[in-house]
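S.K.: A single structure is presented below for examination.
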């Protein structure tokens, strides 16, 4: 399944410039599970959803926990991004990422645990 690129993501180079993060540091954060990243088909670099960062560019404290849970279930970056970007429920335009930002961590973790690989 191709990962749909939303307008609330930035490539690694743009994110590094926006928040003054060294690209190597950003890559280390991705590898260590401190941030959520995915690579769209045909892309040369990872993309990062902006909703996982606060106003200063720091990952929300809950993000590593979400990444750990996803990895334990065998979900990698692209699939995790798809799950968190999907609508949360049958009606409306709310996403699981919105629940994450609102602190509804258990709701998000339950969705990750029940997601298909």
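S.K.: Using a Förster distance of 30 Å, how high is the FRET efficiency between residue 25 and residue 117, based on the Cβ-Cβ distance and rounded to 0.05?
M.R.: Details: r = 30 Å, r/R0 = 1.00.
Using R0 = 30 Å, I get an efficiency of 0.50.
S.K.: Could you work out the helix-only [θ] at 222 nm for the chain, with each DSSP H run of four or more residues adding -39,500 (n - 2.57) and the total divided by the number of residues, to the nearest 500 deg cm²/dmol?
M.R.: Counting only the DSSP helices, I get -12500 deg cm²/dmol.
S.K.: Right, here's the next one. Could you calculate the contour length gain from residue 93 to residue 50, that is, 0.36 nm times the residue separation minus the distance between their Cα atoms, to one decimal place in nm?
M.R.: Result: 13.7 nm gained on full extension.
S.K.: List 114, 13 from most exposed to least, where exposure is judged by having the fewest other Cβ atoms within 10 Å.
M.R.: Listing 114, 13 from fewest to most nearby Cβ atoms yields 114, 13.
S.K.: Once you have the Cα-Cα distance between residue 13 and residue 102, take 0.36 nm times their residue separation minus that, and quote the gain in nm to one decimal.
M.R.: Contour length minus the Cα-Cα distance gives 29.3 nm.
S.K.: A follow-up question, please. By count of other Cβ within 10 Å, fewest leading, how are 22, 34 ordered?
M.R.: Neighbour counts put them in this order, fewest first: 22, 34.
S.K.: Between (1) 34, 17, 11; (2) 25, 18, 13; (3) 21, 15, 14, which matches semi-axes √(5λ) of the Cα gyration tensor in Å calculated for the structure shown?
M.R.: Only one option fits the structure, namely (3).
S.K.: Sort 101, 31 so that the residue with the fewest other Cβ atoms within 10 Å of its own Cβ comes first and the one with the most comes last.
M.R.: Listed from fewest to most nearby Cβ atoms, that is 31, 101.
Since every read-out is calculated from the coordinates, none of them should be taken as a lab result. Please read these numbers as outputs of a predicted model, since none were measured by experiment. Virtual Cβ from ideal backbone geometry, glycine too; neighbours counted across all protein chains shown.
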